[in-house]
Amino acid sequence: MKKLLLALLVVALPALAAKYDPDQDRTALRQAAISANDAAARAAAVPLVPERSAEISADLDQSVVQADLASNAAKSLETGAFKRAAEMASELAGHGAPAPAAATKDLGGAAAAQRERWKSLSKDHDDLLGRVNALPDSNADKARLKSALSNSAASLAAADASLTRAEAGAAAMTTAVSEMELAQKRAQASNAELTAADSEVVRLDGALPPPVNEAKAATGLLGQEPQGPNRTRAGQKISVPRDITGQLFSAADRASNRADDYRSRSAAFERAQAAFDSAKNEAAGTPDVAKKALDDASSTQDDVRARLDHLKP
């Protein structure tokens, strides 16, 4: 069921992920859990006398009300965490565009292919320049050929600059993708612990009403015979909601702490995502720019080669 929820959230997400801020739910969960436990503890601390039974019942009822609020806050915390998990999964999947890992691989591959061309054409340029320089100064074509190779060198330099940007971008994107994946993995661990704690809050909330009802019924018998056993029984029954709300508070505290961990790891993912986007934008189109410059250099060098090959010895 949770995997289906995550998949549906991924499909429905907008292109940009929202920041994950669980503070409102964390605060509501903590306050409600504290109030539930305080109410149950007050009920257990009231003297077991008939004239205080209404006060005990009111505190017990309040513990149920606050436990319900804690349960609702835990569910909201859970929903927010799953939404953020879906956002991170969507970003890593590319949400319709090439996934970050694939985009990084594509850029790196394109840059590497053009870099090999650059190396080959640079060597060819040097070889051709050597042939041109070997021509006698009296050769009418020498100056024109050297000028053409100078233009080719400028194209090669422009290609080198573009490829340097592409290679730096691919390296930065690779690092950012690794950091995104690591942050998501760590966030998943926090989310698993958060889910367990949230589920425990919800479970304990559901477990509270029956013993509260039993405790209220027991306090209703205070003052009736046999008074001693009735008082003992009431004390025993009232201690059960106190214990349950104490456990609920502990679970709420764990959930709140894990949500804070999750927020930290979500923020790390966001930072890595921003670094990836920045590197991607900086390198956008650079392999194509390099290819155009290399095409120009190749064409020029082909012309120089053809002229050299047709020069009279």
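The values are calculated or read from the model by the stated rules, or taken from the named source; none is laboratory data. None of the values given here were measured: they were computed from a predicted structure. Counting neighbours? That spans all protein chains shown, and the Cβs are built from the backbone with ideal geometry, glycine included.
What to note about this one:
- L77 satisfies every condition listed in (1) assigned to a helix (DSSP H, G or I); (2) without any contact (Cβ under 8 Å) to a residue 24 or more places away in the chain except (2).
- Complete set of residues in segment 256-313 that are more than 30 Å from A113 (Cβ to Cβ) and small (G, A, S): S256, A259, S264, S266, A267, A268
- Given (1) among the hydrophobic types (A, V, I, L, M, F, W, C); (2) assigned to a helix (DSSP H, G or I); (3) buried (at least 19 other Cβ atoms within 10 Å of the Cβ), index of the condition A192 fails: (3)
- Count - residues of segment 226-280 that are surrounded by fewer than 19 Cβ atoms within 10 Å (Cβ to Cβ) and of a type in the set (G, A, S): 11
- Restricting attention to segment 35-74, the residues that are of a type outside the set (D, E, K, R), more than 15 Å from V202 (Cα to Cα) and in a helix (DSSP H, G or I) total 15.
- Against the criterion of being touching a residue at least 60 places away in the same chain (Cβ under 8 Å), in contact with an Asp or Glu (Cβ under 6 Å, 6 or more places away or on another chain) and not hydroxyl-bearing (S, T, Y), A33 does not qualify.
- Qualifying residue in segment 212-235 (condition: assigned to a loop (DSSP other than H, G, I, E, B) and charged (D, E, K, R)): yes
- Residues satisfying the stated conditions in segment 269-313, i.e. in a helix (DSSP H, G or I), of a type in the set (A, V, I, L, M, F, W, C) and closer than 30 Å to T175 by Cα: F269, A272, A274, A275, F276, A279, A283, V289, A290, A293, L294
- Segment 94-119, residues that are at pLDDT below 95 and aliphatic (A, V, I, L, M): A97
Table: residues versus (1) touching an Asp or Glu at 6+ places or on another chain (Cβ under 7 Å); (2) of a type in the set (V, I, T); (3) within 24 Å of S63 (Cβ to Cβ).
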site	(1), (2), (3)
T175	no, yes, no
S178	no, no, no
A183	no, no, no
T195	yes, yes, no
L204	no, no, yes
E214	no, no, yes
G228	no, no, no
R231	no, no, yes
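- The sole residue among R242, R258 that is under 23 Å from the mean Cα position of the chain (by Cα), assigned to a helix (DSSP H, G or I), at pLDDT 95 or above and closer than 29 Å to A74 by Cα is R258.
- Taken residue by residue, segment 288-298 has at least one member that is polar (S, T, N, Q) and farther than 20 Å from T27 by Cβ.
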